[in-house]
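We did not get these values from a lab; they are worked out from the coordinates using the rules stated. Computed from a predicted structure; not experimentally measured. Glycine also receives a Cβ, built like all others from the backbone with ideal geometry; neighbour counts cover every protein chain displayed.
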Amino acid sequence: MPTPVSPGTPVSQSVAWMERGRAVIPGGVNSPVRAFGAVGGDPRFITSARGALLTDADGTEYVDLVGSWGPMILGHTHPEVLEAVTAAAARGFSFGTPNPHEVELAEEIVRRIEPVEAVRLVNSGTEATMSALRLARGFTGREKVVKFAGNYHGHVDALLAQAGSGVVTFALPDSAGVPASSAGQTLVLPYNDVTALEQAFAEHGPEVAAVIVEAAAGNMGVVPPTPEFEQAMRRLTREHGALLVSDEVMTGFRASPTGWLGLSQMGEAPDLFTFGKVVGGGFPVAAFGGRADVMARLAPAGPVYQAGTLSGNPVAATAGLTTLRLCTDEVYAAVDHAREVLTAAVTEAFTREGIPHRIGRAGTMFSVFFTDDEVTDFSSAQQQDTALHAAFFHAMLRHGVHLPPSAFEAWFASAAHTDDVLDRIVTAVDASAREVRA
Ligand SMILES: *Cc1c(COP(=O)(O)O)cnc(C)c1O
């Protein structure tokens, strides 16, 4: 399907910036999905954002459903966060010493997530999962790690591996530059497949340091785990002396006030958790934490090394702390209301126009699959019509709504998506559904 180029919407400034960017930044972007590779067309260079709205370099306003890929649960530039961050910055940008803000943020995380007894702050979700795996390997004295196809844990070498569908295989790297020896310690299994998990533990149980899983998958579209799958992960890791690492970088403080943990039917908590996105409120903050006896193995308390020049940065920690403190029950109710309104609008418009669709949901998080078939894992997620998504994406953009530029991403609403904003999106969904069908 040819990619529409948003006729009528001026993009000359964004195009000019992209040209300058391409000259000095590979592909013109600092994270690949921003290049619109999956949908074609011209990425918008955003110059300011407030509440639910983005403004681009050409002065065009868009309703935002990217939400910086998750962090902006309060909406952009929340006045109280802005004030706290400005005050923190005025007191100093970075000290390289311990500071009170990082302790307060750690306390807030430990207070909210009961199984997290201790937590270490880092700068990105990638660092959090990488460090959690090192810790799990250090704690167990084992090397192998189990991950699931379609689960994304950042660009950690050992986790950039996906392998084929349906079979238990040792992974081949997904990316050039990842040593086969690194990905070779990773077992990739189909998500939500209890039998594959049992088989993997029967064959490799004594070598497995950890199972890492997206608490509820959000990086292949939103695909929640079945209770049986969650319970099998917990039972098998416990039986075989492996740790269970729940990656809540996307779901944490977003799917519910206590992330996916608050919705999970696992019965018994995972051993380690990773957080990012909301926990930094739009600043580079992430964290990993969990059982005190495991976390005690981290340097300087224990032998597993982990460090960061800017970790616990006072300005970033203030942004995270202020954001979490403002994430009240009312905020989650508002985000869930947005989910309800938007998924109802998509369902109605797509049904009317005969567009295939399935809604994926995990608490307040949701995504739209362009297929009529049930989506339970990566291979079923890949059955969707990505060309139809690209056409819908561009129609929405023409109608002033900026969706995530990939069919495999959640739509991120915020508490700033009030009813008037939601009305604008619903109108755009109606018109776009008509246009892509016509
Ligand atoms: C975004 C994400 C990561 C990576 O976080 P970065 O801050 O981009 O490194 C890891 N795990 C999950 C589940 C994510 O959604």
Can you give the direction-averaged projected area of the convex hull of the alpha-carbon atoms in the range 309-351, in nm²?
4.6
GNM on the chain, C-alpha springs below 10 Å: top fluctuator among F95, F253, F378?
F95
Counting only helical runs of four or more DSSP H residues, what would the 222 nm mean residue ellipticity of the chain come to if each run contributes -39,500 (n - 2.57) and the total is spread over all its residues?
-11500 deg cm²/dmol
The Rg/Rh figure for the range 174-274, Cα atoms and Kirkwood Rh, to two decimals is 0.97
Which one of F412, F392, V341 has its Cα pushed farthest toward the positive end of the charge dipole of the range 341-438, where Lys and Arg give +1 and Asp and Glu give -1 at the Cβ?
F392
Mind pulling the angle between the C-alpha long axis of helix 419-437 and the longest principal axis of the chain? Nearest 10 degrees, somewhere in 0 to 90.
80
Degrees separating the helix 329-353 axis from the principal Cα axis of the chain, which is the longest one:
60
Can you pull the Rg over Rh of the range 122-244, Cα-only, Kirkwood?
0.92
Computed ³J(HN,Hα) along the range 89-98: with the Karplus parameters 6.51/-1.76/1.60, θ = phi - 60°, integer Hz and x for glycine or proline, the list is 4, 5, 8, x, 8, 6, 10, x, 10, x
Who wins for biggest fluctuation among W17, W260, W69 in a Gaussian network model of the chain, springs between alpha carbons below 10 Å?
W17
Write down the Kirkwood hydrodynamic radius of the range 390-438, to one decimal in angstroms, obtained as one divided by the mean of 1/r over all alpha carbon pairs.
11.3
Alpha carbons only, please: Rg and Dmax for the range 293-367, in angstrom.
21.0, 60
Cα coordinate range in the chain, projected on the principal axes (Å, largest first)
60, 54, 45
Please state the charge dipole magnitude for the range 291-347, taken about the Cα centre, from unit charges on C-beta atoms (+1 on K and R, -1 on D and E), reported in debye and rounded to the nearest 20.
300
Between the helical axis of 100-112 and the dominant principal axis of the chain, each derived from Cα atoms, what acute angle in degrees is found, rounded to the nearest 10?
90
Take every DSSP beta bridge whose two residues both sit in the chain, then give the antiparallel share in percent to the nearest 5.
55
For the range 293-438: Kirkwood Rh in Å [reciprocal of mean 1/r, alpha carbons]:
17.8
Checked against the positive end of the charge dipole of the chain (+1 on Cβ of Lys and Arg, -1 on Cβ of Asp and Glu, about the Cα centre), the farthest of A106, L263, L74 is A106
Using every Cα-Cα pair within the range 80-166, state what percent have a distance larger than 16 Å.
70
Quick calc, the chain, dipole around Cα centre from Cβ unit charges on Lys, Arg (+) and Asp, Glu (-), nearest 20 debye, gives 880
Find the relative contact order for the chain and round it to a whole percent, using C-alpha pairs within less than 8 Å whose residues are 6+ positions apart.
22
Could you pull out every residue, at least 5 positions away or on a different chain, whose amide H is within less than 5 Å of the one on F366? Hs are placed 1.01 Å off N in the peptide plane, and Pro or chain starts have none.
W411
I'd like the Karplus ³J(HN,Hα) series for the range 307-316: coefficients 6.51, -1.76, 1.60, θ = phi - 60°, whole numbers in Hz, and an x wherever there's a Gly or Pro.
7, x, 3, 9, 4, x, 3, x, 6, 5
How much of the pair distance distribution for the range 42-191 lies past 24 Å, counting alpha-carbon pairs only, in percent?
56
